[in-house]
Amino acid sequence: MNPVQDSFSFLIETVFQLYMLLVLLRFIFQLTGANFRNPIIMPVVKLTQIPLAWLRRFVPGLFGIDLSAIVLFIFLGMVKLFLLGVIGGEMVSAVGAVMWAIAKLVDMSFWIFIIAIFLQAILSWFMPQHGHPVTALLSDLTHPVLRPVRNLLPTMGGMDFSPIVALIALNFLQRLVVSPLYYAAAQFL
């Protein structure tokens with residue numbers, strides 16, 4: 001790949017990856033019931049509002065789940081792959097692009113929860129106040145994952161081992177689920 005192609009590939013990869021992250025965060029914030037008035041969430045909502053509001057006219061929600069965010073994420077992933085294919089001079093199949101976008105969605109979702117649990121555990125040592133927007137957001141994000149683990153683990157004298165167990169479980173599930181999804185997508189790309 002020549003330097004011009006490499007530069008444009010980098011730009012496309014970066015811009016699309018960042019916006020896909022924002023769309024997925026918006027979806028996960030809604031799914032976990034995060035407070036949308038949190039000052040950290042507000043920019044994510046504003047940056048994703050226009051395409052999601054337009055898509056909601058065509059894509060209905062399901063049981064309170066905003067499917068338009070999922071559709072937008074998959075569409076962005078497909079466009080990214082097609083653009084990278086054009087730059088690289090390769091053809092990308094639509095089926096492979098959809099499958100890759102779904103694999104990316106699942107992979108990034110796991111990473112969001114893994115990073116949120118890790119950050120919450122680290123910040124609890126230094127910043128235990130619950131009124132801070134960062135700790136409130138991390139608590140909103142991690143509570144649905146940590147609650148079932150906390151219900152299974154016995155109390156251990158004030159020590160909370162649920163983040164460690166949740167991180168191990170999330171990493172195990174990520175390896176179990178994501179690799180086969182990427183492998184299946186690669187068969188069609």
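Observations on the model:
- The residue of the range 144-157 that is modelled with the highest pLDDT, among those that are in a helix (DSSP H, G or I) and more than 17 Å from F110 (Cβ to Cβ), is R147.
Okay, residues lined up against (1) of a type in the set (K, R); (2) in a loop (DSSP other than H, G, I, E, B); (3) surrounded by 13 or more Cβ atoms within 10 Å (Cβ to Cβ); (4) in contact with a Gly (Cβ under 8 Å, 6 or more places away or on another chain):
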position: I28; (1), (2), (3), (4): no, no, yes, no
position: N38; (1), (2), (3), (4): no, yes, yes, no
position: M42; (1), (2), (3), (4): no, no, no, no
position: Q49; (1), (2), (3), (4): no, no, no, no
position: F58; (1), (2), (3), (4): no, yes, no, no
position: L72; (1), (2), (3), (4): no, no, yes, no
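- Within the range 53-80, being without any contact (Cβ under 8 Å) to a residue 40 or more places away in the chain and within 16 Å of L18 (Cα to Cα) holds for I74, F75, M78.
- Residue count for the range 158-172 satisfying the condition of being part of a helix (DSSP H, G or I) and either modelled with pLDDT under 95 or surrounded by 13 or more Cβ atoms within 10 Å (Cβ to Cβ) (or both): 8.
- Within the option set I65, I50, I87, being within 24 Å of F110 (Cβ to Cβ) and of a type outside the set (F, W, Y) holds for one residue only, I65.
- Filter result for F29 (touching a helix residue (DSSP H, G or I) at 6+ places or on another chain (Cβ under 9 Å) and of a type in the set (A, V, I, L, M, F, W, C)): yes
- Flag for V92 being part of a loop (DSSP other than H, G, I, E, B), touching a residue at least 24 places away in the same chain (Cβ under 8 Å) and out of contact with any strand residue (DSSP E or B) (no Cβ under 9 Å at 6 or more places or on another chain): yes
- Restricting attention to the range 174-189, the residues being touching a helix residue (DSSP H, G or I) at 6+ places or on another chain (Cβ under 8 Å), exposed (fewer than 13 other Cβ atoms within 10 Å of the Cβ) and of a type in the set (A, V, I, L, M) number 1.
- Flag if S109 is in contact with a helix residue (DSSP H, G or I) (Cβ under 8 Å, 6 or more places away or on another chain), within 28 Å of F188 (Cβ to Cβ), buried (at least 17 other Cβ atoms within 10 Å of the Cβ) and hydroxyl-bearing (S, T, Y): yes
- Inter-residue pairs, beta-carbon under 9 Å, first more than 20 Å from L138 (Cβ to Cβ) and in the range 151-163, second among the β-branched types (V, I, T), 6+ apart: L152/V165
- Among the candidates G88, G61, residue that is over 19 Å from the mean Cα position of the chain (by Cα) and modelled with pLDDT under 95: G88
- Residue count for the range 143-172, restricted to those that are closer than 13 Å to F113 by Cβ and touching a Phe, Trp or Tyr at 6+ places or on another chain (Cβ under 7 Å): 3
- For the range 149-171, the count of residues that are within 25 Å of F27 (Cβ to Cβ) and touching a Lys or Arg at 6+ places or on another chain (Cβ under 6 Å) is at least one.
The values are calculated or read from the model by the stated rules, or taken from the named source; none is laboratory data. Since the model is a prediction, treat every value here as computed from it, not as a measurement. With ideal geometry, Cβ positions are generated from the backbone for all residues, glycine too; neighbour counts draw on all protein chains shown.
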